[in-house]
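Notes follow once the structure below has been shown.
FYI, it's all coordinate maths here, none of it is from the lab. Given the structure is predicted, the values throughout are model-derived calculations rather than measurements. Please note: Cβ atoms are built from the backbone with ideal geometry, for glycine as well, and neighbour counts cover all protein chains shown.
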Amino acid sequence: MVVILVDADACPVKEEIYRVARRTGVAVSVVANSWFRVPPEFEQVVVGDGFDAADDWIAAEAGPGTIVVTGDILLADRCVRTGATVIGHNGRPFSATNIGNAVAARAAAEEARAMSWAGSRVDGRERGTRAGPAPFTAADRSRFLSALDEAVQRLKRHAAPTSR
């Protein structure tokens, strides 16, 4: 059975996930640190507020036959290692072949932010602005829908019993 595990905190594509799951008959577990509204046909998992509690739950449940939806590169890395299919909110798939580069790019960006922060104060005042993540676009939403639908169909084909 195919299951979609959603890292729900700050996930901009929950409605799209529900729509694909309803159409394809796939189970969904929405994982977060606090309660929020989830359609009754899907499972809501509220974990403790401990650091990385949602990530730990998702990583423990991930494996072949699961699709993990997350914007967290480090969680994506953990889930790819379990054999799960991992898709970013913008539709970017993470795999064994590209996750190392994504982790390295995240580390480089974090280091650049730290260096920028250290040099961003002049005479006790903050200087300039620091860029955050790129804005979420309609193209990202469309790319995500396409990637999720393709992943569900691929996993369902592989999970289906073969007949001779």
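General observations
- Selection within region 64-77 - of a type outside the set (A, V, I, L, M) and buried (at least 22 other Cβ atoms within 10 Å of the Cβ): Thr66, Thr70
- One residue alone among Glu16, Glu61 is among the acidic types (Asp, Glu), touching a residue at least 60 places away in the same chain (Cβ under 8 Å) and surrounded by 13 or more Cβ atoms within 10 Å (Cβ to Cβ), and that residue is Glu16.
- In region 34-45 there is no residue matching the filter, namely being closer than 17 Å to Val86 by Cβ and surrounded by fewer than 17 Cβ atoms within 10 Å (Cβ to Cβ).
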